[in-house]
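Have a look at the structure below before the remarks.
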Amino acid sequence: STFSLLLSSLSFSQVLSCPEHDQERLQFFCRSCQRLLCPLCKLRRAHTGHKVTPVATAYQALKDKISKGISYVLANQETVQSQITQLETAVTQIEVNSGAAREQLCQSVRELGAALANRQDALLQALEVARGGRAEALTTQLAERRALLDNAGLLAFSQELLKETDQACFIQAARLTHNRLVRAIESLQCFSLSADPSFRHFQLDVSRELKLLNGLDFIRAPLAPVIDTQRTLAYDQLYLCWRLPQDSAPAWHFTVEYRCREGRARAAGGLGGGA
């Protein structure tokens, strides 16, 4: 993996020196430029007004952040495993549900006869593209979650990195690792499937007349309603005004979901709407 290659190429005994001033040790870190500096570089006009700290301070701060990131991921191993199980189930559902949608599609086309043969090919291609795209998205997301549990992955690299005692060398190697830990933590906290495995919208309407065959397509899902902010009012009660976009399929019912900013659990309510 990428982390294995980085780990094998990282030299923990290396002493970093300034590439512009030979033999000068890198003793400072510019937070504004995200660069290690030697005493001569620090005096340059380019760093005037920048937040420059001793390398020891930057070393300890970055080391503490990575340690906290590792602790968070390790404390959420059950969450990672739960998400992996959910992703594995979704990948399986992709195959099962896309197969069911394929059968319904083929049956509908067969009932319409030879006149639908050309259109059948086009719709099957659209279904296959959707299946492949969703399966690829979920497989990629699954691989990212598995990488969090992989011994050669991000955690193993981060833990090995913490053994580095040379402060400048540690900072040089740890910045990217910290960013990756932050992204991994954010993905744990805001987890959702990257693709819908249901294929519930890939159903054909075979009740149309023959003159509409050229416009045959999958049943379209309604577009999200547009909230009328000029007429919507909220105080103790919510008065919500909305409308469907002009090109949207009809809808008979909407569900409104909202979050309380004080940190309380999400509540959901239903609002009826005519087509």
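The values are calculated or read from the model by the stated rules, or taken from the named source; none is laboratory data. Computed from a prediction, not measured in an experiment: that's the story for all the values here. Quick reminder, even Gly has a Cβ in these numbers, built from the backbone with ideal geometry, and neighbours come from all protein chains shown. Ligands, DNA and RNA are excluded from the accessible area calculation, which covers all protein heavy atoms including side chains. Shrake-Rupley method; radii C 1.70, N 1.55, O 1.52, S 1.80 Å.
With the Cα gyration tensor of segment 29-113 giving a ≥ b ≥ c as the square roots of its eigenvalues, does the rule (a/c under 1.5 for rounded; else a/b larger than b/c for prolate; else oblate) give rounded, prolate or oblate?
On the way: a/c = 9.07, a/b = 2.69, b/c = 3.37.
Oblate.
Setting aside same-chain residues fewer than 8 positions from residue 163, which lysines have a Cα under 30 Å from its Cα?
List returned: 42, 51, 63, 65, 68.
Measuring from label point to label point, each 7 Å out along Cα→Cβ, what is the residue 240 to residue 61 span in nm?
Those two pseudo-labels are separated by 4.3 nm.
Please list 47-53, 138-144 highest first by mean number of surrounding beta-carbon atoms within 10 Å per residue. Intermediate values should be presented prior to the final figure.
Working: 47-53: 12.4, 138-144: 17.3.
So the peptides 47-53, 138-144, ranked by packing, come out 138-144, 47-53.
Could you order peptides 90-101, 245-256 by the average number of other Cβ atoms within 10 Å of their residues, highest first?
Numbers: 90-101: 16.7, 245-256: 11.2.
Most protected by this proxy first, the peptides run 90-101, 245-256.
By per-residue mean of other Cβ atoms within 10 Å, what is the highest-first order of 118-129, 232-243, 157-168?
Details: 118-129: 13.5, 232-243: 10.2, 157-168: 17.5.
Taking the mean over residues of other Cβ atoms within 10 Å, the ranking is 157-168, 118-129, 232-243.
Taking a point 7 angstrom from the Cα of residue 25 along the C-beta vector, which residues in segment 41-71 have backbone N less than 17 Å away?
Taking a point 7 Å out along Cα→Cβ of residue 25, the residues of segment 41-71 whose backbone N falls under 17 Å are 41-42, 53-60.
Could you order 38, 106 so the one with the most accessible surface comes first? Probe is 1.4 Å. Spell out each step's value before the answer.
Numbers: 38 0, 106 25 Å².
My answer, sorted largest first, is 106, 38.
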